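Okay, structure first, notes after.
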Amino acid sequence: MTRGSQRERDRERAQARAGGKGKTKDDGLTPEQRRERDAKALQEKAAKKAAQAAGAAASGGGGGKGNTNKK
């Protein structure tokens, strides 16, 4: 078997493995719709994080990484 043929076979196998993977930008949305979707997702994420922080503060805030100087 020659090296060239081995490379070709390996490329084909790698391409077959990748199959449906890969990031595609064609999700059927216009750039404006994509911006709105992303902004909404970020707002939800920020709200969830704020609620989690408020819950942690209300319960005493234990479990944080910053205060490990207990003696």
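Using θ = phi - 60° and the Karplus curve 6.51 cos²θ - 1.76 cosθ + 1.60, what whole-Hz ³J(HN,Hα) does each residue of region 27-42 get, with Gly and Pro shown as x?
Per residue, the Karplus-derived 3J(HN,Hα) values read 9, x, 10, 7, x, 5, 5, 5, 4, 4, 4, 5, 5, 5, 5, 5 Hz.
With θ set to phi - 60°, apply the Karplus curve 6.51 cos²θ - 1.76 cosθ + 1.60 along region 10-16 and write out the HN-Hα couplings as whole Hz, x wherever there is a Gly or Pro.
Once rounded to whole Hz, the list reads 5, 4, 4, 5, 5, 5, 5.
With a 1.4 Å probe and every protein chain left in place, tell me how much accessible area residue 59 has, in Å² to the nearest 10.
Near enough 100 Å² of accessible area.
The values are calculated or read from the model by the stated rules, or taken from the named source; none is laboratory data. Keep in mind the model is a prediction, meaning the values are calculated, not measured. Remember, those area values only see protein heavy atoms, side chains included, never the ligands or the DNA or RNA. Shrake-Rupley method; radii C 1.70, N 1.55, O 1.52, S 1.80 Å.
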